[in-house]
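Please read the structure below before turning to the comments.
The values are calculated or read from the model by the stated rules, or taken from the named source; none is laboratory data. In this text, all values refer to a predicted model and were calculated from it rather than measured experimentally. No Cβ is skipped: glycine too gets one built from the backbone with ideal geometry, and neighbour counts run over all protein chains shown.
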Amino acid sequence: MNQSHTNTAIRGTKGYVAAEWFRNLPITVKVDVYSFGVLLLELTCCRRSVDMESDMEERAILTDWAYDCYCEGTLDALVENDIDALNAIGKVKKFVQVAIWCIQEDPSLRPTMRANLFLLAIWYNKIPENTLVWYANGDSPAPRGSKLQLADRGFVLNSPQGEQLWNSETRSGVVDSGIMDDSGNFKLLGGSSILWESFKDPADTVLPSQILDKGVALSSRQSETNFSKGRFQMVLQSDGDLVLATVNLPSKHVNDPYYKSGTAGDPNSSNPGFQLVFNESGYLFVLRENEERSVLTPTITGSAKDFYYRATLDFDGVFTLYSHPKASTGKIASWTALWSEPDNICTAAPVGASSGVCGFNSICSLNGEKRPSCGCPRGYTLIDPSNQYGNCKPNFTQNCEQESAPAEDLYEFEELTNVDWPLADYALLEPFTEDQCRESCLHDCMCAVAIFRLGDKCWKKKLPLSNGRLDPGLDGGKALLKVRKGGRPPFCPYFPNQEKQKNKNKETLILALSALGGSVFLNFILIAVTCLGFYCIYQKKHKPLPVNEVIVETNLRSFTYKELVDATNEFKEELGRGAFGIVYKGTLQMSYVTQVAVKRLINNLVQGHHDKVFKTEVNVIGQTHHRNLVRLLGFCDDGDNRLLVYEYLSNGSLASFLFGGSRPSWSQRIQIALGIARGLLYLHEECSTQIIHCDIKPQNILLDEHYNAKISDFGLAKLLVMNQSHTNTVIRGTKGYVAAEWFRNLPITVKVDVYSFGVLLLELTCCRRSVDMESDMEERAILTDWAYDCYCEGTLDALVENDIDALNDIAKVERFVQVAIWCIQEDPSLRPTMRAVSQMLEGVVEVPIPPCPCPYAFTA
């Protein structure tokens, strides 16, 4: 039970078996998740996973066909002639989405079986589509086994471990009962008094007969299936105006409104709006102080006797009034939009400090249903492929250092008509022709896009680009987007059959649980049988390892030198170099075509005394498995040629990301810091052989396509057997990140990594290098000194000036700085362990007030 993976003979039944069985990869619980995904599709579609007798070839493999139907919006084909399923097509879609997550080829992308989290929710009961109209714990989904209790002070939702996930916050009286009325309002009663009601604590929806008072807000969800609070809010302000506004996450700063009802009273008026009313006839209006009504919605033709109504602030930021027929007409009934505001959210949203309706570097446009749609321009891809409305990143690096070729050979322009990013311009050139505008941007290393409008005006803009929109009102204006020639195609999030990949975004997985209805938990036991034929075929593909002085007891693949020469096109594309070797980009066929990073150890370092470098990396790193460590895939031990094959990480090093042209978002930096901390905790305490990295710095942190941090380069690592607490070794590490004990002939322990992490944490927090000798202010040259001064003087805002999200989250900035100061204590015994560091960063434990990191003079 203390194992996280195992290696074993191939087991399972054809059609339900995950790819790792055939790749000599660790076998984890994720193989069961894969099999469950296939089984879930069979349950949904009522057919076998493989049907080679099908008249239509594209339907033979259920997993392929289901994904095609999902991408093409033809899910009804999966359940044709199944009336009940067709009437609940929303749930069919949800089940297919869950199944697609489960059958991801990469095991790390598959959810755990516990990922089926639950909501305390209210939905319409008499229509097939379970439309949620209220939910309680969107930000804290409940794991299986959670309990809802009716206590004296109201509802309390607890996890199986007793952690309180949500409570109704009843402020007075003793609750003795609860009741749901036909309007959808759930009430907690104390005698004849209403102590709490769901109508007064709304989520994203209002229902007929519901009234919202001033200050009560609707918050959108993050996506169609992610019920945590999203980026949009609706509230009746104190001045009487009903407004819609974007919200910066995670700071929760509310930006200027993109919609106003116009019901605010002027300063001398005594007649402002004071309630938003949704009456039983389906009309929405703002009720003023003198009981005058300002009706928001148009005349409704359908009777309340024949239709259900709801008004929802959708996850895309549009407030919409919907209707649904109560009686079946023989057709598949669904919700119909009757009215919405604003008409065009892309152009209605005011230009401000936030990214806009869509993420940074994205473009907002209206689809055929007049709903906002966000997309990355050519040359850019989503940072988080599961979030269509999130930030986009360029697929190339542009900096102001010497390029390898003239700009004309490296860059081209993507011409986008009627597209603009209204902010981020740093230069207006006029009068300029379009050709002059292109030429100026092409040779300007800061220019990401040039906007040419009004016949002779050229605005040059730098990253990040915000508030992007397609606006017909620009009358033919052009955005000239500078992209790298031969850039990668847009990111495709899936498919096991690589030839059938499509550019579709994945959806976040959360299943809903009705507060009043039951739920069915799907449990299954996968009966494992030995597939000897597959095992034999697999064995023939792999030659036995050559006999060496070191016995490699890992599940790594052994490559010949020629294979890696071919894979790297004769070591053509260099990714980077370090003290022990040079890293090249390559492509290998490993059951599927995959990009890899090949580290070629320098010849004069792999002989004699330095043979231990190779043995250490292969034996120890091959046995490490953690999401925040770069994964070793294989090796070559062919004569004098020794190479290591790692997974390729598309977004390069943290150094390039952090110190490049644009500042990464505060939320990204938080997640990167937490990821590095978890990776170091694993190296220090959780892997079978304790590892001291000895060279933690931004250059040795790599970022995957989702900007998850992964620690790389264990070539400098000093390994400890588990019963040792310290070691003595030659000085290693990089200037600026090196702890004092390196220079004092003191024992080297894991605390040297803690020190380096503290410096790195300050760099992540402040978005600057640890040493900046070119700073105009001498006191800011050494980041560790300046950060401690700011902490003591209460001027932490100076560390993150002009970073709006960080300034709005200054409490977390303070926590990160405090943790960093603890990490960089000169006395190693005062530094916390990485476990304590992780807990403090995550807010699990309080951070004590740190002492001065250098209480006594340092003598080398």
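Some values worked out for this structure:
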{"quantity": "Residues (of a type in the set (Asp, Glu) and more than 26 Å from Thr347 (Cα to Cα)) located in the range 419-451", "calculated": "Asp435, Glu439, Asp444"}
{"quantity": "Residue count, the range 622-632 (criterion: crowded, with 20+ Cβ neighbours inside 10 Å and modelled with pLDDT of 80 or more)", "calculated": "4"}
{"quantity": "Filtered residues of the range 781-808 (kept if in contact with a strand residue (DSSP E or B) (Cβ under 9 Å, 6 or more places away or on another chain) and of a type in the set (D, E, K, R))", "calculated": "Asp805"}
{"quantity": "Some residue of the range 832-852 being crowded, with 21+ Cβ neighbours inside 10 Å and among the charged types (D, E, K, R)", "calculated": "no"}
{"quantity": "Counted residues, the range 798-831 - those being closer than 12 Å to Cys766 by Cβ, surrounded by 14 or more Cβ atoms within 10 Å (Cβ to Cβ) and charged (D, E, K, R)", "calculated": "1"}
{"quantity": "Tally, over the range 228-263, of residues that are closer than 28 Å to Leu119 by Cβ, in a loop (DSSP other than H, G, I, E, B) and either modelled with pLDDT of 85 or more or of a type outside the set (Ser, Thr, Tyr) (or both)", "calculated": "4"}
{"quantity": "Selection from the range 465-486 of residues that are touching a strand residue (DSSP E or B) at 6+ places or on another chain (Cβ under 9 Å), in a loop (DSSP other than H, G, I, E, B) and crowded, with 16+ Cβ neighbours inside 10 Å", "calculated": "Leu465, Asn467, Gly468, Asp471, Gly477"}
{"quantity": "Residue in the range 662-673 that is at pLDDT below 90, closer than 30 Å to Met446 by Cβ and not aliphatic (A, V, I, L, M) present", "calculated": "yes"}
{"quantity": "Of the criteria (1) surrounded by fewer than 21 Cβ atoms within 10 Å (Cβ to Cβ); (2) not in a helix (DSSP H, G or I), which one Phe635 fails", "calculated": "(1)"}
